[in-house]
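Accompanying notes for the structure given below.
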Amino acid sequence: MNIFRLTGDLSHLAAIVILLLKIWKRWKTQLLFALVFTTRYLDLFTSFISLYNTSMKVIYLACSYATVYLIYLKFKATYDGNHDTFRVEFLVVPVGGLSFLVNHDFSPLEILWTFSIYLESVAILPQLFMISKTGEAETITTHYLFFLGLYRALYLVNWIWRFYFEGFFDLIAVVAGVVQTILYCDFFYLYITKVLKGKKLSLPA
């Protein structure tokens, strides 16, 4: 545990809390994140690392499913089918295939963990696609995406820290994290130059 991982986890949690504060559209991204946490945290039933680790896993799982429930059931009437057209199978199927081909150990739990890492790196694409299609995003959406991106950026620093001070290096996690951070770069620029100045984020449709 180091300050970068802790801050990254808190940023991730802040993104989830912001999302739960106001649900207004159905997001396929949330289904993907629920799938990410479900496949990643199956080791809850087989291993114990620490109380913090277990607590964060349970919180992420609970928040993910609560979000999916709110979006797809409680606030189903707000669904915007005209813009929610991203084909998530174009992400899930290739990621599933890659997790079978490139993993640390060819075992069910390891393949599912690898699948979750790969899927998380691209899970934000449906949301970015919707923003691009509509040409704008509400302020709370931008805050959610910012903290989600900040979580991943802080985890990159966490991995650098762990490499130098613990000798730990996971190539799969690092490469996937770099890909995910790259996807956020353009959004970070717009967030800093527009949203933090009180302007509404808008993108060319």
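Based on the Kirkwood radius over alpha-carbon pairs, what is the Stokes-Einstein translational diffusion coefficient of segment 136-186 at 20 °C with 1.002 mPa s viscosity, in µm²/s?
Numbers: Rh = 11.9 Å.
This corresponds to a translational diffusion coefficient of 180 µm²/s.
Assign unit charges at the C-beta atoms only (+1 for Lys and Arg, -1 for Asp and Glu), then state the dipole size of segment 3-195 relative to its Cα centre in Debye, rounded to the nearest 20. Write out the running numbers ahead of the final one.
Numbers: 14 positive and 13 negative charges, 107 e Å.
In total the dipole reaches around 520 debye.
Using a 1.4 angstrom probe on the protein heavy atoms only, line up Met1, Met130 by accessible area, largest first. Display every interim value, and only then the final one.
Values: Met1 130, Met130 10 Å².
Ranked list, largest accessible area first: Met1, Met130.
Quote to one decimal, in nm, the extra length available between Thr38 and Val102 on full extension: 0.36 nm per residue of separation minus the C-alpha distance between them.
Details: separation 64, 0.36 × 64 = 23.04 nm, distance 1.99 nm.
Full extension of this stretch gives 21.1 nm more.
What are the extents of the Cα atoms of segment 3-195 along their three principal axes, in Å, largest first?
46, 35, 31
When the label point is put 7 Å from the Cα of Phe45 along its Cα-to-beta-carbon vector, which residues of segment 94-119 have a backbone N closer than 16 Å?
Label zone hits: 108-113.
Kirkwood Rh, segment 106-159, all Cα pairs: how many Å?
Numbers: mean 1/r = 0.0768 Å⁻¹.
Hydrodynamic radius (Kirkwood, Cα only) of segment 106-159 equals 13.0 Å.
Taking +1 at the Cβ of each Lys and Arg and -1 at the Cβ of each Asp and Glu, which of Thr85, Gln180, Thr7 sits farthest along the dipole of segment 3-195 towards its positive end, judged by Cα position relative to the Cα centre?
My answer, from the dipole projection, is Thr85.
Give me the percent of accessible area attributable to carbon and sulfur for segment 3-195, probe 1.4 angstrom. Don't skip to the answer; put the middle values down first.
Values: 6920 of 9590 Å².
Answer for segment 3-195: carbon and sulfur cover 72 percent of the accessible area.
The values are calculated or read from the model by the stated rules, or taken from the named source; none is laboratory data. Just so it is clear, the structure is predicted and the values come from calculations on it, not from any experiment. As a convention, Cβ positions derive from the backbone with ideal geometry for all residues, glycine included, and neighbour counts pool all protein chains shown. Surface accessibility is based on the protein's heavy atoms, side chains included, excluding ligands, DNA and RNA. Shrake-Rupley method; radii C 1.70, N 1.55, O 1.52, S 1.80 Å.
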